[in-house]
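This report concerns only the one structure given below.
Since every read-out is calculated from the coordinates, none of them should be taken as a lab result. Remember, predicted model here, so these are calculated numbers, not experimental data. For neighbour counting, all protein chains shown are included, and Cβ atoms are generated from backbone atoms with ideal geometry for every residue, glycine included.
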Amino acid sequence: MVAALDEARVTERLGEVPGWTLDATRGALYRQLRLKDFASAFALMTRIALAAEQADHHPEWSNVYNRLDIWLTTHDAGGVSERDFALARAINAMLEE
Ligand code: H2B
């Protein structure tokens with residue numbers, strides 16, 4: 001069982017995950033992406049899905065054409081945990097490739 005980080009701690013650590021903000025209402029790390037087109041967005045979602053399965057940690061997300069909104073929250077902990085930072089870092093690494 002993983003523990004949720006408190007809001008101040010999450011805010012403090014946002015520098016580790018450029019592009020992500022705290023969505024305090026949802027208790028989640030949030031990032032909005034605009035890809036080239038739908039195919040690019042869905043390709044990225046596929047990669048994220050595979051990483052999520054491997055880590056057994058899954059995103060909440062919404063996709064409209066080339067836009068992808070991602071919320072990372074740890075349901076088991078009721079907030080943002082280390083696992084969300086790990087997935088945010090992994091997604092950022094994919095975007096840098
Ligand atoms: N994903 C996320 N985002 N939060 C969780 O707490 C979580 C998960 N728990 N994926 C996992 C699956 C858990 O339900 C399974 C049983 O390991």
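See the values below:
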{"item": "Neighbourhood net charge (12 Å Cβ-Cβ; Lys/Arg +1, Asp/Glu -1) for SER40", "result": "+3"}
{"item": "Local net charge near GLY79, Cβ-Cβ under 14 Å (Lys/Arg +1, Asp/Glu -1)", "result": "-3"}
{"item": "Total formal charge among the other residues, if their Cβ is under 11 angstrom from that of LEU68, Lys/Arg +1 and Asp/Glu -1", "result": "+2"}
{"item": "J(HN,Hα) series, the range 72-78, from Karplus relation 6.51 cos²θ - 1.76 cosθ + 1.60, nearest Hz, glycine and proline x", "result": "10, 9, 9, 4, 5, 10, x"}
{"item": "Residues THR74, THR11 arranged by fewest to most Cβ contacts within 10 Å", "result": "THR11, THR74"}
{"item": "Largest-first ellipsoid semi-axes for the range 7-96, taking √(5λ) over the Cα gyration tensor eigenvalues, angstrom", "result": "21, 14, 12"}
{"item": "The range 1-78: trypsin sites (Lys or Arg not before Pro) in DSSP coil with no more than 12 other Cβ atoms inside 10 Å", "result": "LYS36"}
{"item": "Helix 38-55 vs. the chain, principal-axis angle (Cα, 0 to 90°, nearest 10)", "result": "40"}
{"item": "Relative contact order (percent, whole number), the chain, Cα cutoff 8 Å, 6+ residue spacing", "result": "35"}
{"item": "Exposure proxy order (Cβ contacts within 10 Å, fewest to most) of THR46, THR21", "result": "THR46, THR21"}
{"item": "Choice from ALA39, ALA86, ALA51 with maximal GNM fluctuation in the chain (Cα, 10 Å cutoff)", "result": "ALA39"}
{"item": "DSSP-assigned coil residues among chymotrypsin sites (Phe, Trp or Tyr not before Pro) in the range 33-80, each with at most 11 further Cβ atoms within 10 Å", "result": "TYR65"}
{"item": "Estimated distance in nm for a label pair at ALA55 and PHE38, the labels positioned 7 Å out from Cα along Cα-to-Cβ", "result": "2.8"}
